Amino acid sequence: MANDISQQIRSSKPVAIWLLVGVAMIIIQVLLGGITRLTGSGLSITEWKPIMGALPPMNEQDWNITFEKYKQIAQYRYVNSHFDLSDFKFIFFWEWFHRLWARLIGVVFIIPFAVFLVQKRFKNEMIRPLVILFLLGALQGLVGWIMVQSGLDDSELLYVSHYKLAIHFVLALGLLCYTLWFALQLLVPKEQLTISQRLHSFTGWLIGLLTLQLVYGAFMAGLKAAATAPTWPKINSVWWPDNIHSYGEHYFGGISFLFAHPLVVHFVHRNLAYILTLIIVIWSWKAFTTKGTGVFNKTRWWPFFLVVLQVLLGILTVLNVTDQHYFLWLGVAHQFVAMLLLLSLVWMFYIIRSRKTVNS
């Protein structure tokens, strides 16, 4: 029996490695999306050509034609009218690279999939997760194009809607987490699972709260909200913005100001970070007082380390908002660690099980 299990793990290992490569590529894709947003590059390519679009303009004439198409949209007329061709090439590169990497992910999915299919490495229980992965990837690409297209069609829209950006971001995170979960199912033997119903439930709620924080992070990027309060620890010399209670009544109506006013979004995102850090400290204390397997004991410190690093990067990002170079790369690092924090909690949610889920 033990030999059969060992043989199954060996047989599934190439599939698991393939999935982990996918996890790494999705992380890079999300980071490229962050760079695209922070550099204002998302609307630089005004056409969707899934095949021919893999190549950038190949000569000066093609570049000029592409630049002329960009000049027709509102972002150029109202924000970037000072751009020359070299400026346009800079923003074009990031959007093109973002799309190119998405195509590469598709290639990395399709070719090994075909090879493993011929080798008959896919077991019956893998079919459903593979179909879900394919659908999630296709949906992500579709939403990405709809998001960009909305900015091209609207004659007054200077940037893509922060709501659509958040949806695109959350779908990418969902694809990322699902790919990791699938890989863990193939790699982690049940003997390495730790049984703790309370800690399992706690971890699930923590993932939910972190997801909300990540949505607000997307709102921050979409609304360029970091610039509304480039100070720390206070927000523009106060702990609580003086007229924050009046925004909903006078400017947005209802509660939509909680998601649409840049300063309010900044305030919520910053304070959610403090709450999240405190809860992860409590989670870590519970984790270190829980008896678990060796793999649990070796990795339970990850969330605490990553959340502390994440808060530090968040502070540095806000304080350097006026320096575009430092702000860009600190923002990307902040996003990268946020994904690692999410994946660390997904990992914990996988290896910590309640008795009801240990066999699933």
Have a look at Lys71, Lys89 and point out the one that is on the phi < 0 side of the Ramachandran plot, free of Cβ contacts under 8 Å to residues at least 12 places away in the same chain and assigned by TED's automatic domain parsing to the domain that holds Val108.
Lys71
Quick one: Ile27 ticks every box in (1) exposed (fewer than 14 other Cβ atoms within 10 Å of the Cβ); (2) within 26 Å of Ala225 (Cβ to Cβ); (3) at pLDDT 85 or above bar one, so which box is it?
(1)
Residues of the range 189-218 classified as surrounded by 15 or more Cβ atoms within 10 Å (Cβ to Cβ), not in a helix (DSSP H, G or I) and not hydroxyl-bearing (Ser, Thr, Tyr), total
2
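Condition (residue is out of contact with any Pro (no Cβ under 7 Å at 6 or more places or on another chain) and closer than 24 Å to Lys13 by Cα) applied to the range 166-173: is it met by at least one residue?
Pass one, the range 166-173, residues out of contact with any Pro (no Cβ under 7 Å at 6 or more places or on another chain): 166-173.
Then drop every residue that is not closer than 24 Å to Lys13 by Cα, which leaves 173.
Yes, the range 166-173 contains a residue that is out of contact with any Pro (no Cβ under 7 Å at 6 or more places or on another chain) and closer than 24 Å to Lys13 by Cα.
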What are the pairs with Cβ atoms under 8 angstrom where one residue, in the range 161-182, is outside the structural domain of Ala218 (by TED's automatic domain parsing) and closer than 13 Å to Ile146 by Cα and the other, located anywhere, is of a type in the set (S, T, N, Q) and part of a helix (DSSP H, G or I)? Sequence gap at least six, or different chains.
Ser161/Ser150; Lys164/Ser150; His168/Gln140
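One line per residue, one yes/no per condition, for (1) buried (at least 16 other Cβ atoms within 10 Å of the Cβ); (2) of a type in the set (S, T, N, Q); (3) at pLDDT 95 or above:
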| position | (1), (2), (3) |
| --- | --- |
| Val238 | no, no, no |
| Gly248 | yes, no, no |
| Val264 | yes, no, no |
| Leu272 | yes, no, yes |
| Ile280 | yes, no, yes |
| Arg300 | yes, no, yes |
| Val321 | yes, no, no |
Enumerate the pairs (first residue in the range 133-158 and of a type in the set (Lys, Arg) and in a helix (DSSP H, G or I); second residue anywhere and surrounded by fewer than 14 Cβ atoms within 10 Å (Cβ to Cβ) and at pLDDT 85 or above) with beta-carbon separation below 9 Å, excluding pairs fewer than 6 apart on the same chain, so at least 6 apart or on different chains.
none
Determine whether the range 174-195 contains at least one residue that is within 18 Å of the chain's Cα centre (by Cα), at pLDDT 90 or above and over 18 Å from Trp18 (Cβ atoms).
yes
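Hey, can you tell me all the residues within the range 265-292 that are of a type outside the set (Phe, Trp, Tyr) and closer than 18 Å to Phe219 by Cα? Give the derivation first.
Step one: of the range 265-292, the residues of a type outside the set (Phe, Trp, Tyr) are 265-266, 268-273, 275-282, 284, 286-287, 289-292.
Listed by number, the residues that qualify are Val265, His266, Val268, His269, Arg270, Asn271, Leu272, Ala273, Leu276.
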Condition first: surrounded by fewer than 15 Cβ atoms within 10 Å (Cβ to Cβ) and among the hydrophobic types (A, V, I, L, M, F, W, C). Now tell me which residues in the range 39-94 satisfy that.
Trp48, Ile51, Met52, Ala54, Leu55, Met58, Ile65, Val79, Leu85, Phe90
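Taking only the range 70-89 into account, find how many residues are part of a helix (DSSP H, G or I) and either of a type in the set (Ser, Thr, Tyr) or at pLDDT below 90 (or both). Quick ask: steps written out before the conclusion?
First, pick out the residues of the range 70-89 that are part of a helix (DSSP H, G or I): 70, 74-78, 85-89.
Still in the list and also either of a type in the set (Ser, Thr, Tyr) or at pLDDT below 90 (or both): 70, 74-78, 86.
Number satisfying all stated conditions: 7.
The values are calculated or read from the model by the stated rules, or taken from the named source; none is laboratory data. Just so we're clear, the structure is a prediction, and the values are computed from it rather than from any experiment. Glycine also receives a Cβ, built like all others from the backbone with ideal geometry; neighbour counts cover every protein chain displayed.
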